[in-house]
Every structure is written in structure tokens, then in C-alpha cells.
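Novice: Below is one structure. I have some questions about it.
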Amino acid sequence: AQSVSQHNHHVILSEAASLELGCNYSYGGTVNLFWYVQYPGQHLQLLLKYFSGDPLVKGIKGFEAEFIKSKFSFNLRKPSVQWSDTAEYFCAVNAGNNQGGKLIFGQGTELSVKP
Amino acid sequence: DAGITQSPRHKVTETGTPVTLRCHQTENHRYMYWYRQDPGHGLRLIHYSYGVKDTDKGEVSDGYSVSRSKTEDFLLTLESATSSQTSVYFCAIRGSSGGAGTSTDTQYFGPGTRLTVL
């Protein structure tokens, strides 16, 4: 069965620090990969997605992620975080042959940015 | 904004009572999903629908049923609520960035319903 692991449960950074959140998945075939963000009290919003092509994907608000197939990873990065990036971040995967389009989510990483 | 609304947004109920949550979409999407969100578990799929009257189970379907009698509405029912079903419930639709039914589809989420079962 597919699974997604986010190793960092809670990350605390100061403003302007660089961010990298880890995401690893277990599935050997074609995958579609997503990062979602949930600001306090709000619903999930799509940050970025990877389906195919350039493994370095750029999303909204200065975020990017790199798909490394050999490592089954899709880590999220931002060079300089802001207080407004405080939120919970979720990595999600679906198998390319998944007809139902079902997503498997990681446990989430809570990011706290100190001003 | 994917045109998704959920109702109610908050509900407190007692153990053993039936509860129905509603998800409504305005953009005629074929696929709709119900997830629950719990600390340390991320989001887990309860049920999904791939058309009117077409539904299937997800990862955590026990204790839940769903119905979809028209394209725009997807209902989630807890027949007899238990305290373990206290959670935040999110509905999602599957939008298309490469044509309906392609593998490039992306899910977009509603605002959520916070359910407390006492």
C-alpha cells in the first residue's frame, strides 16, 4: 500500500531563515505529487504539484519542491521564510494509475515562524 | 476558489445520534471526496464519488455512509456518532488541468466542518 512520510512534525524558524520540509513516499510506479498548506483556521490550499517533466517545481508564495525519483522524495523548500508562512504543510501522493484519483497524505508538518 | 461549500461549519452532537454533513459544488465536477483530519494523521479518505449514485470506500470508511443523488451534492452520514468521530471533515472536488478524467487532475478543498461528538 502507498504511504507518505513527513519526518518533521514541528519546525520552528526565525524570519529570513531557509526552509526545507521532507516528504518521502512508498510507491514504485508513476506518481503525482502535491504540497498543500493550511493556514490557521482555514482549509487546505494547493502550493504546488508535480505530474511530469522538470523535477524542480515552482509554486505560489516563493515555494518550490524537487522530485527525486531515486530517493522517492518530494521535499519542499523556501529560501527565506516570513511570519505569514506559519501554517501546517501537507505532502500528498497519488499513483498515476489510480483511477479514483485518491490522495494519500503525510502526517503534516507544523511550521512556526518567529518574527 | 473551487466553488465548494460545506454545511454545517460547526456541529456538536451526542453519542448515538445520526449526523449528516453536506458538501455542495457549483462547477459540475464528477469526482468528490470526503476526508477527515486528525492531529498526527494528516487527512484520511473516508469515501469518494465518481458520479451520481457512484461511490466507493476509502481508507477509513467504517461508521460512515455517503450518498450522491445529484452532481452538486455529496452527503456524508454518521448513522450513530461516536466520540472517535470527533474530527474536522473536509470535502474535495477533483478539478482538471488537462481535461476531465486525466491523471493531471488536482483536488481542491472546501472550508471544512468541525464536528464534536460528546
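The values are calculated or read from the model by the stated rules, or taken from the named source; none is laboratory data. Please read all numbers here as calculations on a predicted model, not as lab measurements. Here Cβ is always computed from backbone atoms with ideal geometry, including for glycine, and neighbour counts include all displayed protein chains. What goes into the accessible areas is simple: the full protein's heavy atoms, side chains included, and nothing from ligands, DNA or RNA. Shrake-Rupley method; radii C 1.70, N 1.55, O 1.52, S 1.80 Å.
Novice: Taking the residues in the range A:65-95 that are in contact (Cβ under 8 Å) with a residue 60 or more places away in the chain and within 14 Å of another protein chain (Cβ to nearest Cβ) as candidates, determine which candidate is surrounded by the fewest Cβ atoms within 10 Å (Cβ to Cβ).
Specialist: A:Ala95
Novice: Could you tell me which residue of the range A:96-109 is modelled with the lowest pLDDT, considering only residues that are more than 7 Å from chain B (Cβ to nearest Cβ) and not in a loop (DSSP other than H, G, I, E, B)?
Specialist: The qualifying residue modelled with the lowest pLDDT is A:Ile104.
Novice: Need the failing condition index for B:Arg94 against (1) surrounded by 15 or more Cβ atoms within 10 Å (Cβ to Cβ); (2) without any contact (Cβ under 8 Å) to a residue 40 or more places away in the chain; (3) in contact with an Asp or Glu (Cβ under 9 Å, 6 or more places away or on another chain), just the number.
Specialist: (2)
Novice: A further question follows. Step by step: first the residues of the range A:6-21, then only those that are touching a residue at least 60 places away in the same chain (Cβ under 8 Å) and within 14 Å of chain B (Cβ to nearest Cβ), then the one that is most open to solvent (accessible area, probe 1.4 Å). Which residue is that?
Specialist: The extreme case among them is A:His9.
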